[in-house]
Amino acid sequence: MQFKNYINGKWVTPQSEKYFKNINPADKNDIIGEFPDSNNADVNNATDAAKDAYASWRRTPAPKRGDILRIAGDIFNRRKDELARVMTREMGKPVFETKGDIQEAIDTCYYAGSETRRLFGNTVPSEMNDKMNLSFRVPIGICGIITAWNFPIAVPSWKIIPALAAGNVVVFKPSEDSPHSANIFAEIMEEAGLPKGVFNVVHGAAEVGNSIVEHKDINLIGFTGSTKTGNSIASRCGQLNKKVSLEMGGKNAMIVMDDADLETALDGIIWGAYGTTGQRCTATSRLIIHEKVYDNFIQKIVEKAPKLKLGAGLDKTTEVGPVINQKAFNKISNYFDIAKSEGLNLQFGGKRKDSLENGFFIEPTLYSDVPQDSKLFQEEIFGPVLVATKVSNLQEAIDAANNSKYGLSSSIFTNDVRNSWIAIRELEAGITYVNAPTIGAEAHMPFGGVKGTGNGHREGGWTVFDIFTEWKTVYIDYSGSLQRAQIDNY
């Protein structure tokens, strides 16, 4: 089956007349469909449609925009089971996880839709008589949204929904590995009553992404993906004086102190490291354990993690799905070779699941006693691979966690309130969890990181509107005469 782009409220074939295949990562023989391998002409058409729609959409009262977004949340909720199976088939993770992905979009629709009644500005006193000073948010214009495959509904919703709530219009390029979900996203927005041209989907690869970044009428780029690509986008947007929001890589650490509840910590590391097959920017990929409980805790993981059931996500008994494609499979396998060359201590895993050779399945993996200068300790692997290291006190643990070029999420398991607050203060990360793993964002809270993870913006919560709005400052002088600031007054 051939799918189409969604431009100006219509499903249209690509100008290139070229297509790429979307393949089920759990079964390489299952072709989901062919999707447009679009080009610059398709981006131009989508941008023209968005530009035409912008004048009316930005003037639509914000609460009315919110009404449409809340209806979209209702439709996401109604289609949750159907969409979860679509997502699982094209990107692999179990259905119970894809349902959570959709729930994040539902929550975002309801939250951002309600925030359209709270897009607060500021009113402040003037330094002059008979004069009023105020400021308020205004939309930016056309937003180019480019996202990764691993959360094909949740992550786009974090950008698209608040962008629309703020009065912007959108040209969206989904990942080539999860295009079907994007088409259903468009179906839902149309059913919710979004006017044509306000939201557009253009499928494709690098040419589409580059065209969106370069287009003179696209005022903002919202990107989630690799650090390498994000840095390239940021550099180009800097040259074009174009606003850009980046959410990139992570190498997240979980600290387990000697006073921690080890059973809760065990559940946390199993979910944090191997949930979504480790393919999330917030995955727990480094485990830093106090020496007094190190051996005991490692043994607990060894006893539990290898029992996780690998398989197709559509199987209700599956706990860990495949990695996304051959490229990811090869990358992770290369890290196994690096681990051997570094002489790392393999506790379990470190290979493909031989009984599931028709898909891209890699066994959950743990390396222990990993030095901090190891490539596996420092580099984002984006797979079900966990490395553990031993420390003797809290400061060593914090130093180890901060020994990374990334700074997205962090975690500490402890029953000592002092340890908790010191870690919260000292960990170099945008997010810190206490007695929970490094994953589990909530729609009404800021999300993002520091260092190599991002460029300072925060999605989610009230802070997302700092990305998708500009500030308008207004001075109203009703004195009846010319008053010159800083001159007449001082």
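For region 358-490, with only Lys/Arg (+1) and Asp/Glu (-1) charged at the beta-carbon, what is the dipole magnitude about the Cα centre, in debye rounded to 20?
140 debye
Loop-only check: which trypsin sites (Lys or Arg not before Pro) in region 399-431 are DSSP coil with at most 16 other Cβ within 10 angstrom?
Those that pass, being in a loop and sparsely packed, are 405.
May I ask you to give the average projected area over all directions of the convex hull of the Cα atoms of region 306-382, in nm² rounded to one decimal?
If you wrap the Cα atoms of region 306-382 in a convex hull and average its projections, you get 5.3 nm².
Would you please classify the overall shape of the chain from the alpha carbon gyration tensor, given that a ≥ b ≥ c denote the square roots of the eigenvalues, rounded means a/c under 1.5, and beyond that prolate means a/b larger than b/c while oblate covers the rest?
oblate
For region 1-142, with the dipole built from +1 on Lys and Arg beta-carbon atoms and -1 on Asp and Glu ones, taken about the Cα centre, which of 96, 44, 111 lies farthest toward the positive end?
It is 111.
Which of the peptides 264-275, 471-482, 321-332, 340-351 is most tightly packed, and how do the rest follow, judged by the mean count of other Cβ atoms within 10 Å per residue?
264-275, 321-332, 340-351, 471-482
On a straight-distance basis, which lysines could pair with residue 131 in a cross-link, Cα separation under 24 angstrom, same-chain partners fewer than 8 positions away excluded?
472
Of the trypsin sites (Lys or Arg not before Pro) in region 271-302, which ones lie in a loop per DSSP and count no more than 13 other C-beta atoms within 10 Å?
292
Starting from the exponent 0.38 and prefactor 2.2 Å, build the expected Rg for region 374-490 from its residue count and divide its actual Cα Rg by it.
1.65
With a cut-off of 8 Å between alpha carbons and a minimum separation of six or more residues, what is the relative contact order of region 252-434 in percent?
29 percent
Structure shown: which of 228/251; 228/353; 327/375 lie over 22 Å apart, alpha-carbon to alpha-carbon?
Working: 228/251 15 Å; 228/353 30 Å; 327/375 19 Å.
Exceeds cut-off: 228/353.
What residues qualify as long-range amide H neighbours of residue 461, i.e. H under 5 Å apart, gap of 5 or more or another chain, H built at 1.01 Å from N?
Amide H to amide H, under 5 Å and 5 or more residues apart or across chains, residue 461 pairs with 444, 445.
If you place +1 on the Cβ of every Lys and Arg, -1 on the Cβ of every Asp and Glu, and leave all else neutral, what size is the dipole of region 252-434 about its Cα centre, to the nearest 20 Debye?
600 debye
Using the Karplus equation 6.51 cos²θ - 1.76 cosθ + 1.60 (θ = phi - 60°), what ³J(HN,Hα) coupling, rounded to whole Hz, does each residue of region 236-246 give in order, writing x for Gly and Pro?
Here the 3J(HN,Hα) series is 5, 5, x, 5, 8, 6, 10, 5, 9, 10, 10 Hz.
Loop only by DSSP, 15 or fewer other Cβ within 10 Å of the Cβ. Give me the GluC sites (Glu not before Pro) in region 3-91 that pass, ordered by residue number.
17
Along the positive direction of the dipole of the chain (beta-carbon charges: Lys, Arg +1; Asp, Glu -1; about the Cα centre), which of 368, 290, 9 reaches farthest?
9
Using a simple charge model, +1 on the beta-carbon of Lys and Arg, -1 on the beta-carbon of Asp and Glu, nothing else, what dipole does the chain show about its Cα centre, in debye to the nearest 20?
Working: 54 positive and 59 negative charges, 189 e Å.
That gives a dipole near 900 debye.
Picking from 402, 419, 272, whose Cα lies most toward the positive end of the charge dipole for region 252-434 (charges on Cβ: Lys, Arg +1; Asp, Glu -1)?
Farthest towards the positive end: 272.
When the Debye formula is applied to the Cα atoms of region 252-434, each taken as the same point scatterer, what base-10 log of I(q)/I(0) results at q = 0.18 Å⁻¹?
-1.16
Quick note: the coordinates plus some simple rules give every number you see, no bench work behind them. Remember, it's a predicted structure, so these values are computed and weren't measured experimentally. Cβ atoms come from the backbone with ideal geometry, glycine included; neighbour counts cover every protein chain shown.
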